[in-house]
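**Student:** Please find one structure pasted underneath; my questions will follow.
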Amino acid sequence: MYASWVTRTAAALLIGNELLSGKVAEANLIVLARRLRTLGVDLRRVVMVQDDVEVIAGEVRSLAASHDWLFTSGGVGPTHDDVTVIAVARAFGVEVVRSSELEAMIRAHYGERTTEGHLWMADMPKGASLEVSDEVRWPTIRIENVWLLPGIPEVFRMKLPVATRPLEGGDAPFVSRAVYTKMDEGDLRRLLDRVVAAFPGVDVGSYPKWMDPRYKTKITFDGRDAAKVDAARDVFLSDLPPGEPQPDLGEG
């Protein structure tokens with residue numbers, strides 16, 4: 001019998017005209033998704049929107065209410081299109097206030113070069129907290145179950161451990177196994193159906209690869225119970241014809 005897991009859920013809100021116009025390639029989602037998997041948190045929904053206060057506020061209200069955690073990415077900088085703080089404040093029905101702590105840090109960093117644009121980054125929704133760690137002293141804004149993370153990938157990665165720290169030590173992490181075959185998906189359907197029916201607690205994925213002489217289809221087995229995941233993989237392996245599978249190719 002499979003263990004009964006109370007799964008914590010998360011959503012991501014990716015913000016920026018530049019993402020939807022293709023000017024900038026979105027790079028933060030994969031980092032967030034992989035981190036949440038190691039913590040046993042199920043990322044269930046991802047939404048990408050423009051820099052529009054009302055649209056962002058509406059999505060924050062919806063996603064924060066329907067998930068345990070919401071992570072926003074983008075729109076926390078010093079320019080006219082950085083409206084995430086305003087939108088999140090509107091979503092929670094609070095005003096935007098200037099943090100004296102953030103203002104002092106900004107003034108100390110920029111010194112005489114400090115402008116009102118820089119100080120814009122000291123604004124936060126009223127009632128929000130400033131979260132730090134020993135490694136990351138520059139605060140990350142959190143209001144209830146919503147984390148406001150920067151869109152710049154390098155800074156996003158730096159701050160993500162602070163935002164996911166409250167999630168540590170909870171659910172068992174997801175485990176994943178992979179098998180690479182030279183069979184196409186049509187030939188694999190019967191074998192996969194058998195595994196899916198026999199192991200309802202394991203998520204089975206099938207991913208074809210074109211123009212790669214090493215393999216045609218990557219099959220993955222994911223779940224919280226490593227023994228069940230391994231068993232599902234082994235049943236699949238036992239059904240493969242001679243010469244299969246290919247070794248792990250290190251593609252994740």
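The values are calculated or read from the model by the stated rules, or taken from the named source; none is laboratory data. Small disclaimer: the values here were computed from a predicted structure and weren't measured. Note that we place each Cβ from the backbone using ideal geometry, even for glycine, and neighbour counts take in every protein chain shown.
**Student:** Mind listing whichever residues of region 121-175 are closer than 14 Å to residue 37 by Cα and among the small types (Gly, Ala, Ser)?
**Tutor:** Matches in region 121-175: 169, 170, 172.
**Student:** Please go through region 30-54 and give me each residue that is free of Cβ contacts under 8 Å to residues at least 40 places away in the same chain and either farther than 30 Å from residue 169 by Cβ or in a helix (DSSP H, G or I) (or both), ordered by number.
**Tutor:** Hits for region 30-54 are 30, 33, 34, 48, 49, 50, 51, 52, 53, 54.
**Student:** Search region 25-53 for residues being β-branched (Val, Ile, Thr) and surrounded by 15 or more Cβ atoms within 10 Å (Cβ to Cβ), and hand back the single one that is farthest from residue 88 (Cα to Cα).
**Tutor:** Here the answer is 41.
**Student:** Just the residues that are under 22 Å from the mean Cα position of the chain (by Cα) and buried (at least 18 other Cβ atoms within 10 Å of the Cβ), please, taken from region 98-138.
**Tutor:** Matches in region 98-138: 128 only.
**Student:** Oh, and also: In this structure, is residue 143 among the β-branched types (Val, Ile, Thr) and in contact with a Gly (Cβ under 9 Å, 6 or more places away or on another chain)?
**Tutor:** The answer is yes for residue 143.
**Student:** Against the conditions (1) under 26 Å from residue 231 (Cα atoms); (2) in a strand (DSSP E or B), where does residue 147 fall short? Just the number, please.
**Tutor:** It fails just one condition, (1).
**Student:** Quick test of your reading of the structure: residue 78 fulfils all but one of (1) touching a residue at least 40 places away in the same chain (Cβ under 8 Å); (2) buried (at least 18 other Cβ atoms within 10 Å of the Cβ); (3) more than 23 Å from residue 31 (Cβ to Cβ). Name the failing condition by number.
**Tutor:** The one condition residue 78 does not meet is (2).
**Student:** Can you pull out the residues in region 205-228 that are surrounded by 18 or more Cβ atoms within 10 Å (Cβ to Cβ), basic (Lys, Arg) and over 17 Å from residue 193 (Cα atoms)?
**Tutor:** Once the filter is applied, which keeps residues that are surrounded by 18 or more Cβ atoms within 10 Å (Cβ to Cβ), basic (Lys, Arg) and over 17 Å from residue 193 (Cα atoms), region 205-228 yields 216, 224.
**Student:** Could you please let me know if residue 159 is in contact with a Gly (Cβ under 9 Å, 6 or more places away or on another chain) and either free of Cβ contacts under 8 Å to residues at least 60 places away in the same chain or surrounded by 14 or more Cβ atoms within 10 Å (Cβ to Cβ) (or both)?
**Tutor:** Answer is no for this residue.
**Student:** Sticking with this structure for a sec: Return the only residue of 160, 192, 148 being at pLDDT 95 or above and in the same structural domain as residue 227 (by TED's automatic domain parsing).
**Tutor:** 192
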